Amino acid sequence: MTSPRPEPVATRYQPSHIAGNAANLTPLQRELIERVAELGPGFAERAARYDRDASFPFENYADLRAAGLLGICVPEAYGGLGADFATYVMVSAEIGRWCGSTALSFNMHVCSCLWSGAIADALDMTAEERAEHHRIRSIHYQRIVQGGQVYAQPFSEGGAAAAGAAPWGTLAKRVDGGYVVSGKKIFASLAGAADYYGVLCTLERPGQAAGGSRRDAMYLAVPANAPGVTISGDWDPLGMRGTVSRNLLFSEVFVPDEARLMPEGAYFHAVSRFPHMFATLSPTYLGIAQAAYDFTVQYLRAEVPGMPPVMRRMYPTKQYAVAEMRIKLEATRALFLQNARDACIDPDKDARMRLYAAHYTIMENANDICRLAIRTCGGQAMLKSLPLERLYRDSRCGSLMLPWTAELCMDRLGRECLYEAGERDEAIE
């Protein structure tokens, strides 16, 4: 007769708040993070299935919709929650703590609101341009807040445009009543799941070489069901499998004037003057780092649900490894929070350098924390029945993501460190 299996010990570990000290947050920030924390266990429970099947997290989006979070960065005047940059990135990190693919793909939706909302409001416009932008974005915000519709943000094209070094290869031609869009986007998150694709493209100028320059960038919302929109390719990547980032093809797709998510020319100025707009990818990876640390502590304390209560915390090597993980996590969180506070129009040089340093550090440290978690938890960490191997694979993807890969952050930061504005190298004789 076998002895009954011992029951796991009660869970006593209390994970850290994603922002560290919640007392320093605004009431809105605390409330929105708590909304996500309540949804989180459901996200975590479904994450393995989305990862295994490389399927989109429709159930998680239904939860986000029901919680009113689709309109998190829609200004309050339009019926949204009115979250600013700092508030959103903390909420995004909390989503990433439970499901990386959901956080990363949700970011593509939210950026459509953040860019056309708070960031556009910080740019210079004539009274006429601002009034027209108000009219148009009201249409898009109504779709999101009242209709529960989801916007994507296909970015990459396989060339230098996504890194900001060339005009977009996807082109928009001005026609009566709107634009005709043609081109291709790769790694298009939410392909087949979004209601609208926020397409970055180049407005063709008659008589201009190659049809236009980076100043001619357009940001147009293309309906997913518009004639000429097709999806191609498989999606079977290393990590972030639930983003379902397949290829999008646009063949002479007509969209009306109301498709403009930002006025003509505004995107170029936003990129130049509000660089933090590209730092909304990294919060996902802070959340993944927190999740890896939390799991490791619970595992060593024998508090993982469904696992035998075998303590491993008494070994000095385990204690040292967890201490190293915590140090990396807190350093990463500190840079993340500083970066959230820095976000503004026309940041100074030091703020830009902190931005590159923070973005790089979050992406790289997330993977390193996951590496330490797997090594510390041992052989069982390789099993797909536990989340660590998925967290590791998801975390590895961060440094590869445009527009700021790890290498591009280093390139930009190195130049900023050594050159002042307008300086050039003198010839050495």
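The values are calculated or read from the model by the stated rules, or taken from the named source; none is laboratory data. Keep in mind the model is a prediction, meaning the values are calculated, not measured. Neighbour counts run over all protein chains shown; Cβ positions are idealised from the backbone, glycine included. The protein model used for the area step is the full one, side chains on, heavy atoms only, and it has no ligands, DNA or RNA in it. Shrake-Rupley method; radii C 1.70, N 1.55, O 1.52, S 1.80 Å.
What to note about this one:
- Cα centroid of the range 214-279 to Cα centroid of the range 17-76, whole Å: 24 Å
- Projected-area mean, the range 85-218, by convex hull of Cα positions, square nanometres: 9.8 nm²
- Cα-centred dipole magnitude for the chain, charges only on beta-carbon of K, R (+1) and D, E (-1), debye, nearest 20: 1440 debye
- Only Cα sites of the range 314-376 enter the Debye sum here, all with the same form factor; the resulting log10 I(q)/I(0) across q = 0.15, 0.22, 0.25 1/Å is -0.53, -0.83, -0.97, listed in q order.
- Mean silhouette area of the range 212-296, derived from the convex hull of its C-alpha atoms and averaged over all directions, reads 8.4 nm².
- For the range 108-175, fraction of C-alpha pairs farther apart than 17 Å, in %: 59 percent
- Under 5 Å, built H, 5+ apart or other chain: amide partners of Val199: Leu220, Ala221, Val222
- Applied to the range 131-148, the Karplus parametrisation 6.51 cos²θ - 1.76 cosθ + 1.60 on θ = phi - 60° returns per-residue 3J(HN,Hα) values of 5, 5, 5, 4, 4, 6, 5, 4, 5, 5, 5, 5, 4, 6, 6, 8, x, x Hz, with x for Gly and Pro.
- Computed over the range 161-317, the range of Cα coordinates on each principal axis works out to 73, 34, 24 Å, biggest value leading.
- Note on Met314: accessible area approximately 100 square angstrom, rounded to 10, probe 1.4 Å, nucleic acids and ligands left out.
- These residues, Trp98, Trp404, go from largest to smallest accessible area, 1.4 Å probe, as Trp98, Trp404.
- Counting every pair of alpha carbons in the range 345-420, the share spaced more than 22 Å apart comes to 38 percent.
- Per-selection Kirkwood Rh - the chain (Cα, Å, 1 d.p.): 22.6 Å
- In plain terms, the bigger the Kirkwood radius, the slower the diffusion; for the range 253-408, with that radius from Cα pairs, at 20 °C and 1.002 mPa s, Stokes-Einstein puts D at 122 µm²/s.
- Probe 1.4 Å - accessible area at Leu413, Å² to nearest ten: 40 Å²
- 3J(HN,Hα) along the range 399-411, derived from phi through the Karplus expression 6.51 cos²θ - 1.76 cosθ + 1.60 where θ = phi - 60°, amounts to 5, 9, 8, 6, x, 10, 5, 4, 5, 5, 4, 5, 4 Hz, with x in place of Gly and Pro.
- Relative to the longest principal axis of the Cα atoms of the chain, the long axis of helix 316-342 makes an angle of roughly 30 degrees.
- Cβ-based net charge around Thr243, under 11 Å, with every Lys or Arg adding one and every Asp or Glu removing one: 0
- With N as its number of residues, the range 221-269 has a Cα radius of gyration that, divided by 2.2 N^0.38 Å, comes to 1.49.
- Rg to Rh, two decimals, where the range 31-93 supplies the alpha carbon set and Rh follows Kirkwood: 1.02
- Of Asp368, Asp411, Asp394, Asp53, the order by accessible heavy-atom surface (1.4 Å probe, DNA, RNA and ligands excluded), from most exposed downward, is Asp411, Asp53, Asp368, Asp394.
- Descending semi-axes in whole angstrom, ellipsoid equivalent of the range 270-314, from the Cα gyration tensor: 39, 9, 4
- log₁₀ of I(q)/I(0) at q = 0.14 Å⁻¹ - the range 7-151, Debye sum with one point per alpha carbon: -0.71
- Shown are Glu76, Glu416, Glu423, Glu324, whose ranking by accessible area with a 1.4 Å probe and every protein chain present, most to least, is Glu76, Glu423, Glu324, Glu416.
- For the chain: relative contact order, % (alpha-carbon pairs under 8 angstrom, 6 or more apart): 18 percent
- Helical mean residue ellipticity (222 nm; -39500 (n - 2.57) per DSSP H run of 4+; nearest 500) of the chain: -15000 deg cm²/dmol
- Convex hull volume per residue for the range 144-202, taking Cα atoms only, in Å³: 101 Å³
- Farthest positive-ward along the chain dipole, Cα basis, beta-carbon charges - from Ala62, Thr405, Ile186: Ala62
- Diffusion coefficient, µm² s⁻¹, Stokes-Einstein with Kirkwood Rh over alpha-carbon pairs of the range 183-237 at 4 °C and 1.567 mPa s: 100 µm²/s
- When the charge dipole of the chain is built from unit charges on Cβ atoms (+1 for Lys and Arg, -1 for Asp and Glu) and taken about the Cα centre, the candidate among Gly207, Ser92, His140 whose Cα reaches farthest toward its positive end is Ser92.
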